[in-house]
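As structure tokens, the structure follows; a few thoughts come after it.
Every number in this text was worked out from the coordinates using simple rules, so none of it is lab data. This one's a predicted model, so the numbers in the text were calculated from it and none came from an experiment. Every residue, glycine among them, receives a Cβ derived from its backbone with ideal geometry; neighbour counts consider all protein chains shown.
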């Protein structure tokens, strides 16, 4: 079926423009309605998210304050106890003499065959008492001379005569003083 339009051309053009105008107007109002709907949804979402963020922040603050009151007291007490223990160990380490320097300086002065059985150090007076066993009198004299010759680390060595009274199998003892730098 064929439709014949008998209206004049100007009127046909006017009707076409009018139909196009109504179509564009419909598209415009649908677009505006969609825009307004999306804009309203975004505003509502923003308000909702701000409310949720504030609510979550309040919950975090509340939980944090509860945790700080309960757990932090225990954790802080444990940390304080551990810190005090470490401080005690550090103070103990700082106040105790360093024996390695003394032993490093003393070992080379002991002659072959001499056995040191006891080494006592008085850190307040810097006094060292040694006792031990030597197979011969000469090894006891060599120990005495070695300690005496190391005047940088050792000084004021005594020389008890009972150390050299026997010619062999001698139980000896000496007392001497050390320089303060050797035990620090």
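Considering all projection directions equally, how large on average is the shadow of the alpha-carbon convex hull of the chain, in square nanometres? Averaged projected area of the chain's Cα convex hull equals 31.7 nm².
Ordering 181, 156 by the number of other Cβ atoms within 10 Å of each residue's own Cβ, fewest first, gives 181, 156. Here 99, 29 are placed in order of increasing Cβ neighbour count within 10 Å, fewest first, which gives 29, 99.
Once both labels are positioned 7 Å from their Cα atoms along Cα-to-Cβ, the gap between residue 24 and residue 87 label points is 8.5 nm. Report, in degrees rounded to the nearest 10, the 0 to 90 angle that the Cα long axis of helix 137-149 makes with the longest principal axis of the chain. With rounding to tens, the tilt is 50 degrees. The label point for residue 117 and the one for residue 59, both projected 7 Å from the Cα toward the Cβ, are 7.8 nm apart.
The value for segment 8-96 of Rg(Cα) / (2.2 N^0.38 Å) is 2.98.
Pairs of C-alpha atoms in segment 99-183 farther apart than 18 Å represent 36 percent of all such pairs. Computed from Cα atoms, the angle from the helix 9-95 axis to the main principal axis of the chain rounds to 10 degrees.
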